[in-house]
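Data block below; observations after.
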């Protein structure tokens, strides 16, 4: 269990973990054991809780994606975290690895996304259409290593498959993402999309939380640490909540 549940932060209100790629956050038709199940087991064992454990994901990460994931440990924390996410008082930063060089060094991707629930795929449109939701993503190319580019993504909205579709529409599908145009899979069926950082105000303590998830432990991912130039400063965090 220890390799699956990787706590980054925990208190009486929240459990924040570094999600490994390949695990569902919540159950689906496969019936596979989920990260939520493993985290409930972790809490029950660590805190010797004999009854049912209350734990609920505040947001989702797709099965092949890794990185920061927040669970609420109480109904009050869940309600407050839902409001924080709904009001966009959270800053999410992802890292994506692509093979093709992006056409611009930085910018914003905007489109309208419509999900096909039966196929579990999302289609992007340049203009509004019925049933589609507007999606916005800031991007910045951090650098190039071994013929791959590391792109920092900041979703301003939280649509299903948003980052995967946006990079595909931009002509730069994420490495390993067969569903959205990359030509071959990664050996472990992951895609090179990682929820790297999450900044928000604690729902109860009202203190800024800065959560950074370490990269998956493989040589391909770890080489990109040399391109991480972000310096977290208190003034940047304070400005976000002002």
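The values are calculated or read from the model by the stated rules, or taken from the named source; none is laboratory data. Just so it is clear, the structure is predicted and the values come from calculations on it, not from any experiment. Backbone-built Cβ (ideal geometry, glycine too); neighbour counts: all protein chains shown.
Anything in the range 114-123 that is at pLDDT 95 or above and either touching a helix residue (DSSP H, G or I) at 6+ places or on another chain (Cβ under 6 Å) or assigned to a loop (DSSP other than H, G, I, E, B) (or both)? List them, or say none.
Result: 122, single match.
Just to be sure before I move on: is residue 127 over 15 Å from residue 159 (Cα atoms), assigned to a loop (DSSP other than H, G, I, E, B) and in contact with a strand residue (DSSP E or B) (Cβ under 9 Å, 6 or more places away or on another chain) in the structure I sent? Steps first, please.
Numbers: over 15 Å from residue 159 (Cα atoms): yes; assigned to a loop (DSSP other than H, G, I, E, B): yes; in contact with a strand residue (DSSP E or B) (Cβ under 9 Å, 6 or more places away or on another chain): yes.
Here the answer is yes, as residue 127 does meet what is asked.
Take residue 140 and tell me if it is modelled with pLDDT of 95 or more, under 28 Å from residue 217 (Cβ atoms) and assigned to a helix (DSSP H, G or I).
Details: modelled with pLDDT of 95 or more: yes; under 28 Å from residue 217 (Cβ atoms): yes; assigned to a helix (DSSP H, G or I): no.
When the stated conditions are applied, residue 140 does not pass them.
Does residue 14 satisfy being out of contact with any helix residue (DSSP H, G or I) (no Cβ under 8 Å at 6 or more places or on another chain) and buried (at least 17 other Cβ atoms within 10 Å of the Cβ)? Explain how you work it out, then say what you get.
Values: out of contact with any helix residue (DSSP H, G or I) (no Cβ under 8 Å at 6 or more places or on another chain): no; buried (at least 17 other Cβ atoms within 10 Å of the Cβ): yes.
No, not satisfied.
Would a scan of the range 159-166 turn up a residue that is within 24 Å of residue 210 (Cβ to Cβ), in contact (Cβ under 8 Å) with a residue 40 or more places away in the chain and in contact with a helix residue (DSSP H, G or I) (Cβ under 6 Å, 6 or more places away or on another chain)? Walk me through how you get there before you give the answer.
The first filter runs over the range 159-166 and keeps only residues within 24 Å of residue 210 (Cβ to Cβ), leaving 162-163.
Checking the rest, the ones that are also in contact (Cβ under 8 Å) with a residue 40 or more places away in the chain come to 162-163.
Add one more test, that the residue is in contact with a helix residue (DSSP H, G or I) (Cβ under 6 Å, 6 or more places away or on another chain), and what stays is none.
The answer is no; no qualifying residue exists.
Taking the range 144-158 on its own, how many of its residues are at pLDDT 95 or above, over 22 Å from residue 88 (Cβ atoms) and touching a helix residue (DSSP H, G or I) at 6+ places or on another chain (Cβ under 6 Å)?
1
How many residues, within the range 167-199, are surrounded by fewer than 19 Cβ atoms within 10 Å (Cβ to Cβ), more than 20 Å from residue 219 (Cβ to Cβ) and in contact with a helix residue (DSSP H, G or I) (Cβ under 6 Å, 6 or more places away or on another chain)?
So the count comes out to 1.
Tell me which residues, restricted to the range 204-224, are surrounded by fewer than 11 Cβ atoms within 10 Å (Cβ to Cβ) and out of contact with any strand residue (DSSP E or B) (no Cβ under 9 Å at 6 or more places or on another chain). Walk me through how you get there before you give the answer.
The initial filter retains those residues of the range 204-224 that are surrounded by fewer than 11 Cβ atoms within 10 Å (Cβ to Cβ), namely 206-207, 217, 219.
Result: 206, 217, 219.
Take the conditions part of a loop (DSSP other than H, G, I, E, B) and within 12 Å of the chain's Cα centre (by Cα) and apply them to residue 63. Does it pass?
Numbers: part of a loop (DSSP other than H, G, I, E, B): yes; within 12 Å of the chain's Cα centre (by Cα): yes.
Yes: the conditions hold for residue 63.
If you take the residues in the range 20-37 that are in contact with a helix residue (DSSP H, G or I) (Cβ under 6 Å, 6 or more places away or on another chain) and surrounded by 15 or more Cβ atoms within 10 Å (Cβ to Cβ), which one is nearest to residue 71 (Cα to Cα)?
Filtering the range 20-37 for residues in contact with a helix residue (DSSP H, G or I) (Cβ under 6 Å, 6 or more places away or on another chain) gives 23, 25-26.
Those left that are additionally surrounded by 15 or more Cβ atoms within 10 Å (Cβ to Cβ): 23, 25.
Numbers: 23: 15, 25: 10 Å.
Top of the filtered list is 25.
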